[in-house]
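Below: one structure, written as structure tokens.
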Amino acid sequence: MPLSGQTCRVSAPIQRDILVIGGGPAGAAVAIRAASAGAQVTVFEKGPRGRDKICGDGLTPRAVKALSDLGVGLDDAHRTDGLRMIANKTVRELEWPGLDPFPAHGAVWPRRSLDLHLMELAEKAGAEVFWEHEAMPLVEGGRAVGVESGGRHYTGDLIVLAAGAPGPAHAALGVARDPNEPFGLAIRTYAESPRHAERHLEACLTLRDANGVPVPGYGWIFPAGDGTVNIGVGALSTMKGFKSLNLNHLQDSYRSLVGDSWQLGPDLEKPRAWRLPMSTTRRHGPGWVAIGDAAGLINPMNGEGIDYGLESGMLAADLFLDDPFTAPDRYDVIIGERLDSFLRTGRRFSFLIGHPWILRSGLRVAVGTQAVAAITLQVMGNLVDSSTPGAGGRAMRAADRVLAAADRPLRATRASA
Ligand SMILES: Cc1cc2nc3c(=O)[nH]c(=O)nc-3n(C[C@H](O)[C@H](O)[C@H](O)COP(=O)(O)OP(=O)(O)OC[C@H]3O[C@@H](n4cnc5c(N)ncnc54)[C@H](O)[C@@H]3O)c2cc1C
């Protein structure tokens with residue numbers, strides 16, 4: 001009980017339209033879109049202003065389109081024209097296909113500057129951004145009603161979980177990775193290279209672990225155009241021995257494979273690894289939606305997620321602006337219609353290539369000729385869907401059917417150990 005003369009100060013919750021937990025591309029996209037239309041948006045980011053994100057920094061044409069839909073140009077990025085796929089001695093240099101609605105170019109944009117650029121655009125659009133503010137959703141009677149951060153309570157009509165790979169904020173909303181589905185792990189660093197301005201990404205599809213087992217995943221060198229390249233390796237959890245896979249060793253062996261041809265300087269920072277979530281148990285509920293990595297929206301066939309983060313963020317904002325009350329349910333349905341089938345096919349594909357002999361023979365086919373490799377690029381980059389005409393669309397439809405039929409045996413014989 002307050003003593004006489006003392007004031008008892010209980011700060012009232014701060015009311016906003018949208019509260020966003022996480023300031024990566026997904027959180028920035030929802031903030032830019034909604035704040036530009038006049039909504040009151042607050043973003044909580046636990047990292048400091050200009051925080052980095054462990055990533056390959058590669059933007060596929062799909063990501064470039066999503067940025068353009070958000071009004072973001074590529075002036076600060078290094079433009080790319082295509083991808084060089086390497087599988088043992090086979091080298092296929094391919095151009096981005098330019099299939100409508102995606103442009104015929106991609107980009108490399110180091111995340112430290114891409115993410116800051118996006119958050120600055122969110123601020124310019126009128127969003128309030130709190131750096132170094134970890135936030136937790138507040139749930140009352142099964143409904144997300146706000147967030148707590150820095151000892152303060154905020155209430156909002158929509159809570160957006162844009163917090164990346166699963167952590168405490170996800171758990172508070174019952175969001176977790178589906179334990180029956182695959183996920184990825186990847187590691188990267190930067191190094192100087194005289195080839196930093198090249199316009200093709202490079203991916204080596206024939207990695208092997210320390211025991212010589214083929215790794216479902218790839219090693220990459222993505223030229224950033226600023227004197228450096230991003231070099232890393234990633235692997236899917238469907239491989240045998242995944243739990244004991246040493247990513248640092250894999251990175252070292254990939255580096256020694258490509259170091260000479262790229263004349264790589266020493267690592268500019270210690271290689272760092274992070275998770276790639278590829279599924280989720282829930283992506284919406286009363287008063288909230290999960291977007292980007294928090295919703296498991298990563299392409300299992302190539303590990304890209306920046307595009308889906310941007311797309312899902314814009315969608316969440318648009319649906320909220322249209323009708324805040326129905327936004328979470330409609331978000332779940334529309335994301336399902338747009339992405340579920342492709343991502344499910346990708347997950348099935350990752351079980352398939354978890355078997356070394358399938359991976360070996362599949363790769364021979366996938367890069368067997370220039371024409372087939374071009375289709376591989378379209379399918380893996382999600383630049384086609386099952387309604388796309390032409391060879392890429394046909395390949396996608398066939399993959400959908402075959403992998404759906406093989407789903408049970410694939411999971412039953414999963415190579416994972
Ligand atoms: C090694 C590696 C390489 C990759 N390469 C590529 C690539 O080349 N191209 C591509 O498209 N994708 C790539 N990806 C995937 C890509 O990085 C992600 O899909 C993308 O970052 C997803 O964006 P997001 O906004 O959903 O999440 P994030 O970028 O992870 O952002 C989430 C943010 O939330 C913050 N946060 C978390 N919890 C809280 C909390 N409780 N309160 C406040 N803030 C919180 C985090 O600090 C973080 O800043 C790669 C991933 C890895 C690991």
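Is it true that residue 332 is charged (D, E, K, R), over 20 Å from the mean Cα position of the chain (by Cα) and surrounded by fewer than 20 Cβ atoms within 10 Å (Cβ to Cβ)? Against the criterion (charged (D, E, K, R), over 20 Å from the mean Cα position of the chain (by Cα) and surrounded by fewer than 20 Cβ atoms within 10 Å (Cβ to Cβ)), residue 332 does not qualify. Does residue 368 fit the bill of being outside any helix (DSSP H, G or I) and either touching a residue at least 60 places away in the same chain (Cβ under 8 Å) or farther than 20 Å from residue 182 by Cα (or both)? Considered against the rule, which asks whether it is outside any helix (DSSP H, G or I) and either touching a residue at least 60 places away in the same chain (Cβ under 8 Å) or farther than 20 Å from residue 182 by Cα (or both), residue 368 comes out as yes.
The number of residues in the stretch 32-70 being within 11 Å of the ligand (Cβ to nearest atom), small (Gly, Ala, Ser) and outside any loop (DSSP other than H, G, I, E, B) comes to 3.
Do we have residue 98 as more than 21 Å from residue 309 (Cα to Cα) and either in a strand (DSSP E or B) or in contact with an Asp or Glu (Cβ under 8 Å, 6 or more places away or on another chain) (or both) here? So residue 98 fails the test.
Yes/no per residue for (1) under 17 Å from residue 189 (Cβ atoms); (2) buried (at least 20 other Cβ atoms within 10 Å of the Cβ); (3) assigned by TED's automatic domain parsing to the domain that holds residue 378; (4) within 12 Å of the ligand (Cβ to nearest atom):
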site	(1), (2), (3), (4)
269	yes, no, no, no
286	no, no, no, no
291	no, yes, no, yes
313	no, yes, no, yes
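The lone criterion from (1) surrounded by 20 or more Cβ atoms within 10 Å (Cβ to Cβ); (2) more than 18 Å from residue 288 (Cα to Cα); (3) touching a residue at least 60 places away in the same chain (Cβ under 8 Å) left unmet by residue 107 is number (3). Would you check if residue 280 is under 12 Å from residue 184 (Cβ atoms) and in contact with a Pro (Cβ under 9 Å, 6 or more places away or on another chain)? Against the criterion (under 12 Å from residue 184 (Cβ atoms) and in contact with a Pro (Cβ under 9 Å, 6 or more places away or on another chain)), residue 280 does not qualify. Number of residues in the stretch 139-184 that are of a type in the set (A, V, I, L, M), within 15 Å of the ligand (Cβ to nearest atom) and in contact with a helix residue (DSSP H, G or I) (Cβ under 6 Å, 6 or more places away or on another chain) equals 5. Here 231, 306 are screened, and the one residue that is crowded, with 24+ Cβ neighbours inside 10 Å and touching a Cys at 6+ places or on another chain (Cβ under 8 Å) is 306.
Does residue 202 fit the bill of being within 14 Å of the ligand (Cβ to nearest atom) and acidic (Asp, Glu)? Here the answer is yes, as residue 202 does meet what is asked.
The one condition from (1) more than 26 Å from residue 103 (Cβ to Cβ); (2) within 16 Å of the ligand (Cβ to nearest atom); (3) among the acidic types (Asp, Glu) that residue 322 does not meet is (2).
The values are calculated or read from the model by the stated rules, or taken from the named source; none is laboratory data. Bear in mind that the values here come from a model prediction, so they are computed numbers and not experimental data. FYI the Cβ positions are ideal-geometry reconstructions off the backbone, even for glycines, and counts take in every protein chain you see.
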